[in-house]
Amino acid sequence: MEQVAVTEIVKSLSMLGAAIAIGLGGIGAGIGIGMSGASACEGIGRQPKMSSELFRIMLIGQAATSTPPTFALVVSILLLFGKYEGALLIQGFAALGAGISIGAGAFASGIGSAYPASRACEAIARQPHLRAPFTTLMLLGQAVSQTPVIFSLMVSFMLMFMPAKPDAGFVEFVAVISAGICMGFGAMGPSIGSGMAAESAIIGARHHREPEKAVGLLTRVMLLGQAVAQSTSIYALVVALVLIMLV
């Protein structure tokens, strides 16, 4: 195949990867930010005097929810403005895999981060004196739910900057795309599940007779549940790394 044709294919696959990355990442964050905004509106309607505090909590939660699409944006820019003159075909498929990895991971992390953010707004509106523990649970839950997208970002970078293999064939093409699919989709369940665990911890604290005493126990149970959920993203990371090493 002529080098000019190869370069065009690599550029096309990179553009497709960039579109998938920011497209999926933007969907998840958009939904998540809307969820926390809706809960804040409901809370302000219930507690008008808490409007400034709820507005602040909403912005904090939305800022954390906006982190995954930022990762996706970085990968998209790198894919769009990479230097592909003289590139090999394997690099195009690797770029597509990179876009899938961060796109799917950012999509799920955006939604997973929204669960604790939206529930914290509701809980603070009902029990304003507990805004400090609710905010802590929210941020802690969001941080853990975004762990898988870090793995997705790492796999994306490894795919984008992996050494080119001149004699790569069909198996290697499939391997790099599979690595992106493996990590991207493997990050989805743990991200959403961890967000749901954090949401339930906030609900549990809100309904407990002694919320201040319950926060410590609920935090430990939440982290344990999230840790078990996160194990599947580690499995996906291991398989993705093995696929990359096969190239």
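Give, in whole angstrom and from largest to smallest, the semi-axes √(5λ) of the equivalent ellipsoid of the stretch 1-145, with λ running over the eigenvalues of the Cα gyration tensor.
42, 11, 9
Work out which helices of the chain, taken as complete DSSP H runs, extend at least 24 Å along their axis over the Cα atoms and score a mean Kyte-Doolittle of -0.5 or more, then list them.
Within the chain the helices that satisfy the rule are 3-46, 89-126, 188-207, 211-245.
Could you work out the per residue convex hull volume over the alpha carbons of the stretch 3-245, in cubic angstrom?
It is 93 Å³ per residue.
Starting from the Cα gyration tensor of the stretch 53-97, multiply each eigenvalue by 5, take the square root, and state the resulting semi-axes largest first in whole Å.
Its equivalent ellipsoid spans semi-axes of 37, 9, 4 Å.
Which whole-angstrom value gives the distance between the alpha carbon centres of the stretch 1-52 and the stretch 60-105?
The two parts, judged by their Cα centres, are 12 Å apart.
Using a Cα-Cα cut-off of under 27 Å, which lysines could be cross-linked to K11, ignoring same-chain neighbours fewer than 8 residues away?
K83, K165
Each value in this text was obtained by applying a stated rule to the coordinates, not by laboratory testing. Since we're looking at a predicted model, the values are computed, not measured.
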